[in-house]
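**Q** One structure coming up, written as C-alpha cells, with questions to follow.
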Amino acid sequence: MSIDDNSNKKLKLGSRLKKRFSIFQLRNFGVLFALIILCIFFALMSHGRFFTVSNFLTVARQVSLATIVGVGLTFVMITANIDLAVGSYLAFSGIFVAALLYIGFPWYLALLSIMVIMALVGMLVGVIVAKQKLNSLIITLAMMGIARGIALAYSGGAPIFIKNDAFISLGTGYIGPIPTPVVIAAIVLIIGQFVLRKTSLGRYIYATGGNEEAAIASGINVDRIKITVFAISGMLSGLAGSILAGRLFSGNPTAGQGFELDVISAVVIGGTSLFGGVGHMWGTLIGAFIVGIIGNGLTILNVEYFYQLIAKGMIIYIAVFIDRQTRQAGLRGKTRL
Amino acid sequence: MDRGKDDENQGIVIMDSEKIFVMKDISKRFPGVLALDNVSFEVYKGEVHALVGENGAGKSTLIKILSGVYQPDGGQIIYRGNEIKINNPRQAQEFGISTIYQELTLCMNLTVADNIFLGNEDRKTIFGYIDENKLNRECKKYLEQLEADINPKMLVSSLSVAQQQMVEIAKALAYESEIIIMDEPTATLTLHETNKLFETIKKLKEQGKSIIYISHRLEEVFEIADTVTVLRDGKLIGTKPVSDLKYDGIVRMMVGRKIENKYLRRKIERSHEVGEVLLAVKNLTKGDIFKNINFKLYAGEILGFSGLVGAGRTDLMRGIFGLDSIDEGEVIIKEEVKKIKSSRDAINLGIGMTSEDRKNEGLFLNFNIRENVTISYLESLTKYGYIRGGKEKEHANRFIKYLAINPNNSEAGTITLSGGNQQKVAIAKWLATSPEILIMDEPTRGIDVGAKAEIYKLMRLLATQGKGIILISSELPEILSMSDRIIVMNKGEIIGELLNEEATEEKIMELAV
C-alpha cells in the first residue's frame, strides 16, 4: 500500500510538473526559442552588423511602437474582437497632435488631448460593436479607411511639421541611456499585464472573450468591457502616434500603413487566441520582437522590402498554425463533446 | 468479476444473434490517465446495448474509439469477423458506424435533405451537380421509414431538438449504418419526445440495426435496452442482460458502493416550516413566450417548475433574472417592487441562477476553478479594482471544500473536470454570492448518479438554511422527489400548482401536455 502511495505521489508530481509546463507555457517557450534562433541566425549571417548596441537600440525603438499598440490590441483580442484601425490611428493622431502643437498647445497638453480624443474614437467603435452587435472586423476595417481619410483630407496629403523640441524628444530622446519610446513601452507593458492579471477589469476581459453568454449571466457588463478595450486600444494608438510623430518631426498622413498587420502578427505570435479568452502581454512583447527583428535583420542582410513582406506573411501563417495545433493538443482528451 | 458467468448469460439470451462488432482488450491512455484499461465490448445484430457508468468512467472514450475520433493504444476491433482499424470518423461512417452526439452536429443553415446527404452527395451527383428533387425524394424515404413528419426542404435551424435528432438518425440510415451510437439522446427531450424516440429505436432494432445507447437515466436503460455494459474508472465491470438486473444492481456496479437512494425516491418528509415570501411575481408577461405569470417563493422551500421543453420555464426565469427583457408585470422581492434590468441587478438583490446550458452559459472553460467560482463575486474581493489574491483563493477554497469539488485544487482548469464537477463549480459560483434565491435550471442534466445525489443533498441543505430554491427540471422523478410545491407550465402559462403530497407523474403530465 505504502509503495503504491509513493508511486502515486510520484505520478502526481509528474503530472503537476507537466501541468506547470502545460501547453500555453510550452508555446511561449516555443516563441521565445524562435526569437533566440532568429537572433543567432541574423548574428551569423550579418557578420557582426546585427549584434551591436546601436542596432539593438534601433530594434528596441522600432519594437516599442508595436508593443505599445500591441498591449491595446491584446486587450481587444482577448475579448474575441479585433482592431484593424490601429495603423490609421497612428496617422490620424500624428496629424492632429501636430495640428494641436501648431496652434500652440504645450507638448504634454497636446499629448494628453490626443490620447483622450483617440480613446473617444475607440469608444465610438466599441459602442458600435457592443450595442449594435456588429462585427469588429468590419467596423474597424471601416474605421481604418475613415481615420486615414480624415488625416489625408485635413492635411491635404502633406506632413504637418512639428517644431516643439520637447514633443520631438518623445520619439527621439533618451532617458539615461535608454530611448524614451522604450521606457514608455516598458511602462505601458507592465501596466497592461498588471491590469490583465491582477484587476477585476482584466478578469472580466478574459471572461468576455472566453464565454460571452456566461459572462452576461454572471453579471458582467459585457458591453462596457468591450467599449473599454476599444477605448484603451485607441488611446494607446494615440500615444504611439505621438511618439512616431516626434520621431518623424511631423504628423504624417501616410504613417503607419500596414502597421496593423505587424501588430496583429505580434499579438498572435505571442499566443493570444484569435477566438478570445487566452493571451498575455509578455507574449505580445516577444511577438513584437520577432516581427521587429525579422524586419531589421532582413534589412541588414539587404533583403528587399518586397521579400520582407513575403517573410512576414509566412510568419503570420506559421503563428496561426501553431496556435491551432497547440490548441487542439491542449484540448485533446480533455474535453467531452 | 465473474466474467465467465456473464458470458454464459449473454449466450443464453442472444444465442442466435450474430456478433457484429467486437472490441477486444481496448486500452487508451491520455497524459496522466488510463482512460480505458483492457475493455472488451461486444455488440450483437439487432440489439440495444446500453453503456453506463459515472462521468469519467470511460464511456466517451470508448465511443470515440468506436467512431474513429481516437485511436486505441492497444487491443483489437473486429467488425463482421474481420479485424479493422478505424482511423477517422469518416471511415467509421463508411464501415456503417454512425454516432449521434449529445450536442448534435447538423449544419443549421442547410435544409434537412442537405444535411442527410452531407458528405454523402457523391452517390447522388454528376460532376458535383446536386439534383435537389431527387435528394428530397430520397430524404423523404428515410424520414418515412422513421415515421417522422419532417419536410426535407425545411432549414434544420427551424426544427425542434427532437426533430433534429430524427434527422441525425435518418442520416445514419442514409449511410446504411449497421451500428448507431446514441450519446445521451434524451437529455434535451421531453417525455413525449422521449417515448417517440424509443418507438423509433424499436423500429431500428426490427430492421436489424444495433444501437449503442448511452444514458445517465437508468429508467431508460430498463425500458429500452437488451444488454447493459457497465464501466467504472476505465475498467469493464460487467456486461449483462438487462432482464437479469435491478436498478440498485446497476447503480452498485457503477459506483462500486451502495448509494443512498433516498433522494431518488419520491416524497421526502419536509423537515422545516416554510417562512416569509422571498420572491413574488405578478402578471409577468413577455409576448407569447410567457403570459400572466403569478407565483410566490417562500424561504426554505424548493419550488419545482415542470412542463414540456418549450413551455417557457427557462424564458420566464431569464426574464426574472434580468437576462431578457419583460413586457409587463412586477417582480417583488421581500415586499418591495424591484426593477431588474440586468443579471447584475438580480445578483445584487440576492438572486442566483444556474443555467441549463452549463458549457455555454455557465462556465468559463478558459478559467481555472478559482476564477470560475469567484467571477460573480469579484467586486467584493477587490480594492480599487485590484484583486486581492489571497482573499480570492480563500473564498474559492471555501466553496471547493463545501461542495467537495474534485480535484480540490483551486488552480485546476475547469476544462479537465467531469460533468458532475463542472456543475458543482457552476453552483459554487452562485453560492459564492450568497444568494437568498437560487434558480436552478436542469441542475443534474448529464451528470452521474453520485454527483446527482450530492446536488440533491445540497439543495435540501440550502432550503433548510432558509434559502428559496426554484428548480426547473424535465425529469419527473426529480421534480417529484425534490419539490415542496410544483408549478406546471404549458405554452407560457401557469396551469396548475400541486403540493408534493398530491403530485404524481400522471397529474403533472395531464397538466403539461
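**Q** In terms of the Cα gyration tensor, with a ≥ b ≥ c the square roots of its eigenvalues, is region B:104-233 rounded because a/c is under 1.5, prolate because a/b exceeds b/c, or oblate?
**A** Since a/c reaches 1.5 and a/b is larger than b/c, the shape of region B:104-233 is classed as prolate.
**Q** So what's the angle, to the nearest 10 degrees on a 0 to 90 scale, between helix A:53-78 and the longest Cα principal axis of chain A?
**A** 70
**Q** Okay, moving on. For B:A404 and A:M314, FRET efficiency with R0 = 56 Å and r from the beta-carbon atoms, rounded to 0.05? Don't skip to the answer; put the middle values down first.
**A** On the way: r = 51 Å, r/R0 = 0.91.
Efficiency for this residue pair is about 0.65.
**Q** In what sequence, highest mean first, do B:354-362, B:288-296 appear when ranked by Cβ atoms within 10 angstrom?
**A** Values: B:354-362: 20.9, B:288-296: 16.7.
Ranked from most to least packed, the peptides come out as B:354-362, B:288-296.
**Q** Shifting gears a bit: For region A:188-266, what number results from the quotient of the Cα radius of gyration and 2.2 N^0.38 Å? Present the calculation step by step, with values, prior to reporting the outcome.
**A** Details: Rg = 15.9 Å, N = 79, 2.2 N^0.38 = 11.6 Å.
For region A:188-266, the normalised Cα radius of gyration is 1.37.
**Q** Right, next: Stick to Cα atoms and the Kirkwood definition of Rh, then tell me Rg/Rh for region A:164-209. Don't skip to the answer; put the middle values down first.
**A** Values: Rg = 15.2 Å, Rh = 12.3 Å.
Computed over Cα atoms, the ratio is 1.24.
**Q** Let me ask you something else. Run the dipole for the protein assembly as shown about the Cα centre, Lys and Arg Cβ at +1, Asp and Glu Cβ at -1, nothing else charged, and hand back the magnitude in debye, nearest 20.
**A** Details: 94 positive and 87 negative charges, 614 e Å.
For this selection, approximately 2940 debye.
**Q** What residues have an amide H closer than 5 Å to that of B:L279, excluding those fewer than 5 places away on the same chain, when H is modeled at 1.01 Å from N in the peptide plane?
**A** Here B:L297, B:K334 satisfy the definition.
**Q** Restricted to Cα positions, what overall size does chain B have along the principal axes? Three whole-Å values, descending.
**A** The principal-axis extents, from largest down, are 70, 53, 50 Å.
**Q** Have a look at A:G287, B:Y298, A:A214 and report the one farthest towards the positive end of the charge dipole of the protein assembly as shown, computed about the Cα centre with Cβ charges (Lys/Arg +1, Asp/Glu -1).
**A** A:G287
**Q** When Cβ neighbours within 10 Å are restricted to other protein chains, what is their mean count per residue of peptide B:359-369? If you can, show how the numbers build up before the last one.
**A** On the way: counts 5, 5, 8, 5, 4, 11, 7, 12, 7, 0, 0.
Counting Cβ atoms of other protein chains within 10 Å of each residue's Cβ and averaging gives 6.
**Q** B:L471's amide H: which non-local residues (gap 5+, or another chain) put their own amide H closer than 5 Å, with H modeled 1.01 Å from N in plane and none for Pro or chain starts?
**A** When sequence neighbours closer than 5 places are left aside, the close amide H contacts are B:L303, B:G304, B:F305, B:M440.
**Q** Ordered by residue, what ³J(HN,Hα) values in Hz, to whole numbers, does region B:154-170 give under the Karplus form 6.51 cos²θ - 1.76 cosθ + 1.60, where θ = phi - 60° and Gly and Pro are x?
**A** Running phi through 6.51 cos²θ - 1.76 cosθ + 1.60 with θ = phi - 60° gives 6, 6, 4, 4, 8, 8, 6, 4, 4, 5, 4, 5, 4, 4, 4, 5, 4 Hz.
**Q** Here's a follow-up. With the radius of gyration and the Kirkwood radius both derived from the Cα set of region B:57-157, what is their ratio Rg to Rh? All intermediate terms of the calculation are to be shown ahead of the outcome.
**A** On the way: Rg = 16.4 Å, Rh = 15.7 Å.
Here the Rg-to-Rh quotient is 1.04.
**Q** How many partner chain Cβ atoms sit within 10 Å of a residue's Cβ in peptide A:199-209, on average, as a whole number?
**A** On the way: counts 6, 10, 5, 2, 10, 2, 0, 5, 8, 1, 2.
Counting Cβ atoms of other protein chains within 10 Å of each residue's Cβ and averaging gives 5.
**Q** Now a separate question. Counting only other chains, what is the mean number of Cβ atoms within 10 angstrom of the Cβ of each residue in peptide B:63-72?
**A** Working: counts 1, 3, 0, 0, 0, 0, 2, 2, 0, 0.
Per residue, the number of nearby Cβ atoms from other chains is 1 on average.
**Q** Then there's this: Take the alpha carbon atoms of region B:329-356, find their center, do the same for region A:136-180, and report the distance between the two centers in whole angstrom.
**A** Result: 48 Å between the Cα centres.
**Q** Shifting gears a bit: Using the Karplus equation 6.51 cos²θ - 1.76 cosθ + 1.60 (θ = phi - 60°), what ³J(HN,Hα) coupling, rounded to whole Hz, does each residue of region A:263-269 give in order, writing x for Gly and Pro?
**A** Each residue's phi maps through the Karplus curve to give 5, 4, 4, 4, 5, 5, 4 Hz.
**Q** Given points 7 Å out from each Cα along the Cα-Cβ axis, report the B:K141 to B:K383 separation in nanometres with one decimal.
**A** Taking the simple label geometry, B:K141 and B:K383 are separated by 7.5 nm.
**Q** Taking the DSSP beta bridges in the protein assembly as shown as the whole, what percent of them are antiparallel, to the nearest 5?
**A** 60
**Q** Working from Cα positions, state the angle (0 to 90°, nearest 10) between the long axis of helix B:191-206 and the longest principal axis of chain B.
**A** 10
**Q** If you bin the C-alpha pair distances of region A:206-334 every 5 Å from 0, what whole percents do you get?
**A** Calculated P(r), rounded to whole percents: 2, 9, 13, 18, 18, 16, 11, 7, 4, 2, 1, 0.
**Q** Taking the Cβ of each residue in A:W107, A:W282, B:W430 as the centre, tally the other Cβ atoms inside 10 Å and list the residues starting with the fewest. Working shown, then result.
**A** Details: A:W107 20, A:W282 16, B:W430 23.
Neighbour counts put them in this order, fewest first: A:W282, A:W107, B:W430.
**Q** Please give the peptides A:94-103, A:189-198 ranked by average Cβ packing (other Cβ atoms within 10 Å per residue), highest first, as a rough proxy for protection. Could you put the intermediate results ahead of the total?
**A** Numbers: A:94-103: 23.3, A:189-198: 17.0.
Averaged packing, sorted descending, gives the order A:94-103, A:189-198.
**Q** Using Cα atoms only, what is the angle between the long axis of helix A:107-131 and the major principal axis of chain A, expressed in degrees (0 to 90) to the nearest 10?
**A** Between helix and principal axis, roughly 50 degrees.
**Q** Can you compute the equivalent ellipsoid semi-axes for region B:185-262, i.e. the square root of 5 times each eigenvalue of the Cα gyration tensor, sorted largest first and rounded to whole Å?
**A** Values: eigenvalues 112, 48, 24 Å².
Gyration-tensor ellipsoid for region B:185-262: 24, 16, 11 Å.
**Q** Once amide H atoms are built 1.01 Å from N in the peptide plane, which residues 5 or more positions from B:I387, or in another chain, come under 5 Å H to H?
**A** Here the answer is A:T199, A:S200, since their amide H atoms fall under 5 Å of that of B:I387.
**Q** I've got another one for you. Would you kindly derive the ³J(HN,Hα) couplings of region A:302-318 from the backbone phi angles with the Karplus curve 6.51 cos²θ - 1.76 cosθ + 1.60 (θ = phi - 60°), listing them in order in whole Hz, with x for Gly and Pro?
**A** Whole-Hz 3J(HN,Hα) from phi for region A:302-318: 6, 7, 5, 3, 4, 6, 4, 4, 4, 4, 4, x, 4, 4, 4, 4, 4.
**Q** Just to verify a number: FRET efficiency for A:K131 and B:Q76, C-beta to C-beta distance, R0 = 60 Å, to 0.05?
**A** Numbers: r = 59 Å, r/R0 = 0.98.
Efficiency, from the Cβ-Cβ distance: 0.55.
**Q** Just round it to a whole percent: the fraction of Cα-Cα distances in region A:44-203 exceeding 23 Å.
**A** Details: 6267 of 12720 pairs.
Result for the distance tail: 49 percent.
**Q** A further question follows. Using the Kirkwood formula over every pair of different C-alpha atoms, what hydrodynamic radius in Å results for region B:104-176? Don't skip to the answer; put the middle values down first.
**A** Details: mean 1/r = 0.0836 Å⁻¹.
Taking every pair of different Cα atoms in region B:104-176, averaging 1/r and inverting gives 12.0 Å.
**Q** Once the Cα atoms of region A:24-328 are picked out, what are the Rg and Dmax in Å?
**A** When restricted to the Cα atoms of region A:24-328, Rg and Dmax are 18.8, 59 Å.
**Q** Follow-up. Arranged from highest to lowest average of other beta-carbon atoms within 10 Å per residue, in what order do the peptides B:327-334, B:169-176, A:146-153 appear? Don't jump to the answer; show the numbers that get you there.
**A** Details: B:327-334: 16.0, B:169-176: 22.1, A:146-153: 18.8.
Final packing ranking: B:169-176, A:146-153, B:327-334.
**Q** Continuing with this model, one more query. If you place +1 on the Cβ of every Lys and Arg and -1 on the Cβ of every Asp and Glu, how big does the dipole about the Cα centre of region B:358-434 come out, in debye to the nearest 20?
**A** Values: 11 positive and 6 negative charges, 28 e Å.
Approximately 140 debye in magnitude.
**Q** Starting from the Kirkwood radius over alpha-carbon pairs of region B:358-434, derive D by Stokes-Einstein at 4 °C in a medium of 1.567 mPa s and give it in µm² s⁻¹.
**A** Working: Rh = 12.1 Å.
Translational D for this selection: 107 µm²/s.
**Q** Report the per residue volume, in Å³, of the convex hull enclosing the C-alpha atoms of the protein assembly as shown.
**A** Details: hull volume 182.1 nm³, N = 850.
In the protein assembly as shown, the Cα hull volume divided by residue count equals 214 Å³.
**Q** A follow-up question, please. Neighbouring Cβ atoms within 10 Å as the yardstick, rank B:H216, B:H49 fewest first. If you can, show how the numbers build up before the last one.
**A** Working: B:H216 26, B:H49 23.
Least to most surrounded, the residues fall as B:H49, B:H216.
**Q** Can you pull a Stokes-Einstein diffusion coefficient for region B:270-394 at 10 °C (1.306 mPa s), Rh from Kirkwood over Cα pairs, as a whole number of µm²/s? Could you put the intermediate results ahead of the total?
**A** Values: Rh = 16.6 Å.
So the translational diffusion coefficient is about 96 µm²/s.
FYI, it's all coordinate maths here, none of it is from the lab. What you are looking at is a predicted structure, and each value in this text was computed from that prediction instead of being measured. So basically every Cβ, Gly included, is an ideal-geometry build from the backbone, and we count neighbours across all protein chains shown.
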